[in-house]
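Just below is one structure, and these are the notes that go with it.
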Amino acid sequence: MKNIDSKSHVRGESVYLDDIPVVHGTLFACVFDSPIAHGKLRSMDTSEAENSEGVFKVITAKDLIGENQIGGIVPDEPLLADGEVHFAGQPIAIAVAASEEFARKAAKKIKAEIEPLEVVTDPRVAAANGDLIVPPKKFVMGDTAAAFAGCKYVFEGRTEQNGQEHLYIETQGAYAVPTEQGGLKLYSSTQGPTAVQRAVCSVTSLAMHEVEVDVQRLGGGFGGKEDQANAWAAICAVASQLTKRPVKYALHRMEDMRMTGKRHPYSSDFKIGLDKNLKIVAYEASFYQNAGASCDLSPPVLERTLFHCTNSYFIPNVTATAYCCRTNLPPNTAFRGFGGPQGMFVIESAIAHAAEKLGVTAAEIQQKNLIDDGDEFPYGQLAESDAITSWSQADAKYDFAHLQKDADDFNAGSKYFKKGVAMMPVCFGISFTKTPMNQARSLVHVYTDGSVAVSTGAVEMGQGVNTKMAQVAAKVFGLGIGKVRVHTTNTLRIANTSPTAASAAADLNGKATQIACETIRDRLFEVALPLVEAETAEAVTLNDGFVYRNDEKTSLTWQNLVMEAHLQRVSLSEHSHYATPGIGFDWTTAKGHPFAYHVYGTAIVGVTVDCLRGRYEVDYVKCCHDFGSSMNTAVDNGQIEGGIVQGLGWVTMEEVVYDTAGKLRSNALSTYKVPDIYSIPKEIAILPLETARENLAIFNSKAVGEPPLMYGIGAYFAIRKAVRAFKDCSPEFDLPFTPEKVLMNLY
Ligand code: MTE
Ligand code: MOS
C-alpha cells in the first residue's frame with residue numbers, strides 16, 4: 001500500500017509549517033546570533049534595531065517572563081545568551097517585526113560587544129580539560145586485560161568520524177498564536193510536541209495545560225527536530241507573550257545550518273584481540289563524543305554508541321568507555337541511528353584493520369564472530385539473534401564469493417579503475433534506552449457515519465507512520481483505509497508524548513491504536529450479537545464494511561452497526577495506553593534488557609573507484625533485511641533506500657567543516673554536498689529475511705526507520721578495499737572518505 005501522503009506530496013498540497021495560513025496581525029521573528037564561538041557578552045546595543053522599520057520589539061534574555069532555560073536533560077541551555085556565548089550561531093536576541101523582511105533587517109542592526117575567550121572544538125582537548133557534560137559511561141563484560149594477555153593477535157588504532165547535517169527539506173520553524181486567558185497555541189515542526197510544550201512552559205512560566213502544541217507533519221526530521229525544534233517554538237512563544245500577537249519564525253537554510261547541531265562527530269580508540277582461529281576474544285574502545293556547547297541529547301546518544309559498540313558480533317570480553325565532551329560548537333543532537341552508527345564504525349574499523357594486518361578478508365573475521373542465539377550483549381541482554389541467518393540468506397541470494405571474484409577479475413584487468421566489495425552486518429536494538437519513554441497513547445473516535453478519526457503521539461515526517469496508524473485502525477475495524485483519517489499530533493488530544501524517535505513510533509503508537517480500536521470493536525460486537533443472531537463474540541468478525549457471522553457475510557453494515565451502538569448509548573470513542581512490556585535497564589550495573597527486540601541485517605556494498613581522480617560510484621547495496629513481517633512493503637522499502645543513501649552520504653561525501661575558531665564553513669548547499677540522484681547506488685536490492693520468530697513489533701512488522709542507515713557504512717570499507725587494490729596503503733579510519741581524501745591516499 002502506498003503512503004497515504006504520496007498524492008498530496010506530489011501535488012504540492014501537503015501542509016507544512018510554512019503553509020499554515022497566518023492569522024491577521026501576525027508578527028515575524030528573526031534571531032540575532034553570536035558571530036563568535038566563545039566569549040563574554042560585554043554590552044549590547046539594540047536601539048538601531050528597535051527604531052528600524054516595522055519593528056515591534058527586540059527581546060533579550062532579561063525580557064523573559066519565565067526562565068531563560070530550555071535544556072531538557074541538563075539545564076545548561078539558555079534560550080538567549082546571557083553573560084557569555086558558547087557557540088557561533090547561539091541566539092542572543094530576537095527582533096520581532098511586521099514582516100519577515102523587516103525582522104531580518106532589524107536583526108542585522110543589533111550590535112553586541114563580545115570579548116573573545118578560548119575556543120575548543122576538539123573533543124579530546126575538552127576531555128583533557130575535564131570538560132565533560134556528564135560523567136563517563138562504561139560497559140564492561142568479562143575481563144579484557146586478562147583476555148588480551150592470552151590473545152594471539154592484538155591490534156590498536158584510532159578512528160575519526162565527522163558530523164552530518166540533517167538537511168531535512170523543511171527547515172526548523174514555529175508559529176505561536178495567543179489563546180484566551182494568556183495561553184498559547186504552537187504550531188511547530190517538531191518530532192517532540194511534548195518537548196516543545198515543556199520548553200515553551202519554561203520560558204513563559206505557563207503551565208502545560210495552557211500550552212497546546214500541534215504538528216501536522218514535518219518535511220523531514222531525521223533526529224534534528226527531536227530536541228532542536230524547541231528553541232524556535234520557545235522564541236515564538238516568548239515573542240508572542242510579550243507582544244500579545246501571533247508570531248512566526250521559519251528559518252532560512254543558512255540560519256538553520258549555522259544555528260543547529262548535527263550528528264555528533266567522534267574521535268575513538270580501539271584495541272582488538274583475536275585467537276588463532278580469528279575469534280575476537282577481547283575488545284576495548286574509548287569514545288570521545290563532540291557534544292557541542294550544551295547537553296541536548298548527547299548522553300543518550302552516547303549511551304547508544306555503547307549499546308552498539310560490538311554491532312552484530314559476540315565478543316566475550318569488552319570494555320567500552322564513552323566521554324561526553326563539551327566544545328564550542330552548536331549542541332550536537334540525535335541523527336538517524338542515534339550514536340549507533342558511530343559505535344559500529346569503530347568495531348568495523350578494528351576488524352578491517354586486523355584483517356589487513358593478517359592478510360585475510362574482513363568478511364572472514366566478521367562471519368566467524370556473528371552473535372548467536374543466547375549470546376550475551378555487553379549490556380547483559382541475551383540475543384535472539386538473526387545475525388547468522390541474515391548473513392547466510394544474503395550469501396545464498398547474492399553469492400559473496402562470486403561478487404568478490406567479479407571485483408578481483410575486474411581489478412586484474414583494469415589499471416585505473418578498481419572495485420571494492422565489503423560486507424556490512426547490522427544489529428540495532430529497538431526501544432528507547434531510557435525505559436520510561438517506551439509508552440504511547442492513541443485516541444480513536446468512530447463517528448456515526450462510520451468514519452474513523454485517529455490521533456496518536458506519533459509525528460509524521462515522511463517515514464509513513466500515519467499510513468501505518470491508518471492501517472492498524474482499518475485492519476481492526478475491517479474497513480478500507482479511506483474510512484480512516486489520521487489527525488495532527490496534538491498535545492490536547494494526546495498528552496505527555498515521547499518524541500517520534502528511536503524507530504519506535506509505529507510500534508508504540510500502533511499498539512496503543514490497536515488497543516483502542518479493539519476496545520471499541522469489542523463493544524460493537526456486543527451490540528451486533530442479537531442483530532446477527534450470534535451467540536458469542538468469537539463468531540463475529542468485521543470485514544469489507546460488513547459484519548460476518550462464522551465467516552459468512554450478514555446484511556448488517558459497519559455503518560448501521562455504529563449507528564445502532566450510538567442509539568444504544570454505547571461509547572464509540574477510546575483513549576488507550578501502551579507500554580512496552582519486559583524491558584528495563586539499570587545504569588548502576590550497566591546491565592539489563594533495554595530492547596524489546598533487535599533488527600538484524602547484512603548488506604554487501606560494491607563500489608568502483610576512479611584511481612586517477614579519486615572519484616567513486618556505489619555500484620550496489622544488496623541486503624538481507626529483517627522486517628519481521630512487514631505491514632507495508634512500499635513504505636518499508638522506502639525507508640531502507642532512504643536510510644542507505646543517508647548512510648552513504650555520511651561516510652562518503654557529507655563534510656561538515658568548522659574552522660578552529662568554531663565557525664561553520666560548510667554553511668550552505670554550495671559548500672555541503674549531500675547525495676543526489678547521481679550519487680545513489682546503481683542498484684539497491686532488498687531481500688526480506690525469512691523468519692518465523694515472534695516479536696513485540698506492531699503486527700510483527702519490525703521497526704525500520706534507523707537500522708538501514710548503517711548498511712551505508714559498508715561503502716567506506718568497500719572504497720578502502722578498492723583504494724588498496726590500486727596501492728598498498730593504510731588510509732586513516734577517517735569519515736567521510738571524500739573523493740579528495742581518497743585521492744590524497746592514492747598519491
Ligand atoms: N524517514 C523520513 N522520510 N523522514 C525522517 O525524518 N527520520 C528517521 C526515520 N526515517 C525520518 C525517516 C528517524 S531518525 C527515525 S528515529 C524514524 O524514522 C522515526 O520514525 P518511526 O519511529 O516511525 O520509524
Ligand atoms: Mo531518530 S535519530 O531517533 O529521531
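Some notes on this structure:
- Computed from the C-beta positions of Asn700 and Ile481, the FRET efficiency with R₀ = 22 Å rounds to 0.65.
- Sequence-separation-based contact order of the chain, relative, with Cα cut under 8 Å and 6+ spacing, percent: 15
- Rounded to 0.05, the FRET efficiency of the Ala145 and Val360 pair, given R0 = 25 Å and the Cβ-Cβ distance, is 0.45.
- The mean accessible area for residues of the stretch 35-157, using a 1.4 Å probe and ignoring ligands and nucleic acids, is 49 Å² per residue.
- Expected 222 nm ellipticity per residue - DSSP helices of 4 or more, -39500 (n - 2.57), all of the chain, to 500: -9000 deg cm²/dmol
- With contacts taken as Cα pairs under 8 Å at a separation of at least 6 residues, the stretch 611-747 carries a relative contact order of 44 percent.
- Averaged per residue, the stretch 556-627 has 40 square angstrom of accessible surface, using a 1.4 angstrom probe with ligands and nucleic acids left out.
- Measuring nothing but how far apart in sequence close Cα pairs (under 8 Å, 6+ apart) lie, relative to its length, the stretch 446-580 scores a relative contact order of 29 percent.
- Multiplying the residue separation of Asp399 and Asp19 by 0.36 nm and subtracting their alpha-carbon distance yields 131.9 nm.
- Note on the stretch 594-626 and the stretch 77-109: Cα centroid distance 42 Å, given to the nearest whole angstrom.
- Residue-span extension gain [Asp551 to Glu156] - 0.36 nm each, minus C-alpha spacing: 135.7 nm
- Across the protein chains, with a 1.4 Å probe defining accessible surface, the residues Asp636, Asp406, Asp728 rank Asp728, Asp406, Asp636 from largest area downward.
- Here the chain has 51 percent of its accessible surface on carbon and sulfur atoms, given a 1.4 Å probe and all protein chains in place.
- Per residue solvent-accessible surface (Å²) - the stretch 375-456, probe of 1.4 Å: 39
- For a modelled paramagnetic label at Lys434, 7 Å from Cα along Cα-to-Cβ, the residues of the stretch 105-138 in reach, with backbone nitrogen under 16 Å, are 133-135.
- With R₀ fixed at 35 Å, the C-beta to C-beta distance from Ser629 to Asp275 puts the FRET efficiency at about 0.35.
- Multiplying the residue separation of Arg11 and Ser451 by 0.36 nm and subtracting their alpha-carbon distance yields 155.9 nm.
The values are calculated or read from the model by the stated rules, or taken from the named source; none is laboratory data. These numbers were taken from a predicted model, which means no experiment stands behind them. Every residue, glycine among them, receives a Cβ derived from its backbone with ideal geometry; neighbour counts consider all protein chains shown. Note: areas computed on protein heavy atoms with side chains; ligands, DNA, RNA excluded. Shrake-Rupley method; radii C 1.70, N 1.55, O 1.52, S 1.80 Å.
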